[in-house]
1. For the range 548-595 and the range 265-336, write down the distance between their C-alpha centroids in whole Å.
2. Report, in whole Å, the centroid distance computed from the Cα atoms of the range 166-209 and the range 426-457.
3. If you line up the long axis of helix 311-328 against the longest principal axis of the chain, both from Cα atoms, how many degrees apart are they, to the nearest 10?
4. Can you compute the equivalent ellipsoid semi-axes for the range 682-760, i.e. the square root of 5 times each eigenvalue of the Cα gyration tensor, sorted largest first and rounded to whole Å?
5. Longer than 23 Å from Cα to Cα, which of Lys708/Lys753; Lys41/Lys331; Lys702/Lys753; Lys185/Lys238; Lys100/Lys251 are they? Say none if no pair is.
6. Could you pull out the GluC sites (Glu not before Pro) across the range 432-494 that fall in loop regions by DSSP (anything but H, G, I, E, B) with no more than 15 other Cβ atoms inside 10 Å?
7. Between the DSSP loop rule and a limit of at most 14 other Cβ atoms within 10 Å, which trypsin sites (Lys or Arg not before Pro) in the range 114-168 are left?
8. With axes computed from alpha carbons, what is the tilt in degrees of helix 373-397 against the longest principal axis of the chain, rounded to the nearest 10 within 0 to 90?
Amino acid sequence: MIKKIFFISAITLRVALTCTLSAQTRTHTSKPNNLIVWDNKPAKEWMTEAYPMGNGRFGGMVFGGLVQEHIQFNEISLWTGDEEETGSYQAFGDLFIDFKGKDSTQAVPANYRRQVDISKAVQQISYNDNGVNYKREYFCSLPDKVMVLHFTADKRGAYSAIISLKDAHDSKITGSGNSLQFEGKLNNGLAYNAAITIKTTGGTATVESDGKGGSQLNINQADGFTILLSAATDYSNKREQRWRGEAPGIKVKQSLDAASAKIYQQLLNTHVADYSALFGRVAINLGTTPPPMAAEPTYKRLINYKIAADPQLEALLYQYGRYLLINSSRKGGLPANLQGLWNNSNNPPWRSDYHSNINIQMNYWLAEPTNLSECHIPYLDYINSMREVKKVSTQKEYPGVRGWTVKTENGIYGGSSFLWNTPGSAWYAQGIWEHYAFTKDKAYLQTFAYPILKEIVEFWDDHLKHRPDGTLVSPLGWSPEHGPTEDGVTYDQEIVYDLFTNYIAAADVLNADKSYRDHVADMRDHLLKPKIGKWGQLQEWETDRDDPKDTHRHSSNLFGLHPGKRISTIKTPELAQAAKVSLLARGDVSTGWSMAWKMNFWARLQDGDHAYKILNNFITLAGGSGVNYNEGGGVYANLFCAHPPFQIDGNFGYTAGVTEMLLQSQTDEIQLLPALPKAWQKGDVQGLHARGDFEITDMEWKDGKITKLVIKSLAGGACSLRSPNALAANAANVSGTKLNSDFKYQFDTFAGKTYVFNGVN
Ligand code: FUC
C-alpha cells in the first residue's frame, strides 16, 4: 500500500511546543450567533416546543407563557418497577405561575423572545407588555442542586401571581412561610419529595388555600421574585441497599436552605462556571450563515433549511447534543434514558427506559469524542449497578452460565421486559472499554472496567454454541427487530467479536489472565465470520436471505462498521463495500435515531457527501405530536429529535455522526477529516478527543485540506495521524509517509505536550 516514503526533510523540523494547557485553556471560545435556540412565541406543546433544562439529575421543560408560566419537571430516578419488572420512568410534577389580570386572548407581544443559550445553559424570556419590560431567567444548577427561576421587570410592583405545584401522582400540596411542597410514594415504595421556596423583592408572598384542600402561594405587587425548586427520591443505585438511600425530604430541604442563603447572581455564576467548564471544551465552525437567516427563530431556520444552506444550524444542532448530554447525564446520577431526563407522562413511549439494543448505547457515542468523558460516567455506573441483579436473571434464563447479560428493555432496579436481543451487556462492554481507550485511565481499567468485561466475556464463553467444525455461534439470536430467531445472526456475532477484542486489549494493557486472554483470542478466531451475500450485501443472517427491498430502521448487520471497528475501508475493503451495498438498500430516510446511525455509517465508509445527505434529511422539521414512526423522523421546533415521538438518541447520534465526519480514531490512528462533505469546505473545530487521550486542540481546514492542527497529548505515547494532505510539524521526531491518497505521520508524544502542524498544500 505504501507508495513511497515522503517528506522527511520538511517534517524534521523545530522542537515541539511544550506548553501545558491549563484546565482553563481547555475551554474554547464559542462561535458567534451559533448557540441560541429561540422562539418568538410561548410553547403550546410539551414535546415539540417547550425547552429543556436540567442539571443531569433533575430538570424541567419550560413553556414561557404570558398568562401562565408552566414548568413541567422531572427527577431521573422516579421510576416504578423492581428487580423483576422494568417499570417506567415517571413524570414528577408541574410548577405553574398564573399572572393575575392577564388576558388569555391577548396577542403575543411583537418583541416576545424565549431562548436557551446553550453555551451557558440559561433560558431567558423577555417581552414588553403594556409598557413594562418583563424578563425571566432560568437555569438548573448542579453545584447548588436547585432549579432557579428569576423574574424581574422595569416597573415596581409589576408582579402579582398565584404560584402552584402539582404532583404528577396527585398528592396534596402543603405550604408554610414562603414555601410549597409535596411528597409521596410510588407503588413500589420509592419515596419522593419536591418543594419550592420563593423570595420576593417588594410586595408580599403568602401561603393560602388553593380551594381544593391544598396550598398555593399568592404574590402581590412584587418588583421581582426568585423561585428555587428542588426534587428528589430515595433511590440508590446499590442493590445491597435494596435500591434505597437517604430520605428525599432531607435532601430537598438541605438544598433549598443552602441555595436560599445565596444571592441570585452567586447561584448564576456558580452554575455557568460548572456547566461551561464542560460545554466550552468544544467549539465548531462549519461555515457562516447569512446573518439575517441566522437570526431567525429556530423553527423558521428549520423550515428555511430546506431552501438555503444554514451551516450554523448544523453546528447548533451539533452543540445541542452536547447541551442535552450535560443536562441529562452528570456524575452521581443515572444515565440519560430514551428521553434523556424529560418526560411528562406516567405511561411514556417505551417506558422512557434503558433500551439496550441500540438506544442507550447511542446516547453515549458522543460522550468521549466530544470531550464530555465525565458525562459518560452515569452510564458506566449504571452498568456496574446492574451486575448482581442481572446475574440472577441470567441464571434463570440460562442455568449454569457464568457472568450476565441484559436484554432489550431495562429499568433502574434490574427488572426487564421484552427479552429480545441477547447481547445487551456485550454492547455495554464497548462503552466500558471506550472510556479507557479515550482516557487511558489505567486505574479505572484495572479496578472498574476489567472485572466487568471479564464477567461479560464469561457469559459468552458459556453461552456460545460450538459447532462440530469448531465454529462458534450465538444461539437463537434475533436481529433487531425483524427476521427469524436463529443461530449466528450477524448482530450477535459482531457484538461478541467486539467484546472479545476489547477484553483482549484490556488484558494486554494490564498484563492480566494470560491464559484466559489466549482462550478468548482463540474463541474470537472461531466466531462465525461476516459473510457477503448474493447481491453483494453484508449478510444479516448466516443464511443468505437479505431482501434488497428491506428498509427496516435497524441496520444491525453493520455493527462491525459502526460502532464496532472490525470493518473499515482501509483494513477490510471488501466487507466495507458489502456494508455499503446493504446501507444503500436500506435507504436514507428513516426514524430519527436510524438516520443518525446512518450518518455514522457513511462517515465510517469515508463518504462525507452521503453522510451529509442523511444529515440534511435529519434536519427536517417534524410536525405534530404523533407517534407514527413510519412517517420518518427529523427534529421538532425545540430541536428534540423526532423518532417520532421524541427520542433523544437521535440528538446524540447526530452529534456523534458529525464528529465521525471530522475525526475518527477507532483504527489505531487519528484520521483527520475522514468524511468531509463538499458542503463544509472551510471550517474549524476545537477540543475534540481521540482514542489514546489526544485532544485535538485545534483543527482548521480549507478546500478539504488541513491548514492547521494542534494536538495535545494528555497521556503520552505513540501518535499516528492520517491526513488528506501533507503536513509540516514543529516537532523533530515526526516521520511521514505518503499513502495512496492520504498522508500518514507517526511520532512519540510526551504527556502534557502540544504538537503543532501546518498544512503544506
Ligand atoms: C427500539 C427501536 C424502536 C424504538 C425503541 C425505543 O426497539 O426499534 O424504533 O427506538 O427501541
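1. 29 Å
2. Taking the Cα centre of the range 426-457 as reference, the centre of the range 166-209 is 42 Å away.
3. Value to nearest ten degrees: 70.
4. On the way: eigenvalues 70, 47, 21 Å².
After diagonalising the Cα gyration tensor, the semi-axes are 19, 15, 10 Å.
5. On the way: Lys708/Lys753 17 Å; Lys41/Lys331 35 Å; Lys702/Lys753 26 Å; Lys185/Lys238 19 Å; Lys100/Lys251 33 Å.
Correct reply: Lys41/Lys331; Lys702/Lys753; Lys100/Lys251.
6. Details: sites: Glu434, Glu455, Glu458, Glu481, Glu486, Glu494; in loops: Glu481.
Filter output for the range 432-494: Glu481.
7. Values: sites: Arg114, Lys120, Lys135, Arg136, Lys145, Lys155, Arg156, Lys166; in loops: Lys120, Lys145, Lys155, Arg156.
Counting only loop positions with at most 14 other Cβ atoms within 10 Å, the trypsin sites (Lys or Arg not before Pro) in the range 114-168 are Lys155, Arg156.
8. 80 degrees
Readers should treat all values here as calculations from the given coordinates under stated rules, not as data from a laboratory. Values in this document were obtained by computation on a predicted structure and should not be read as measured data. Neighbour counts run over all protein chains shown; Cβ positions are idealised from the backbone, glycine included.
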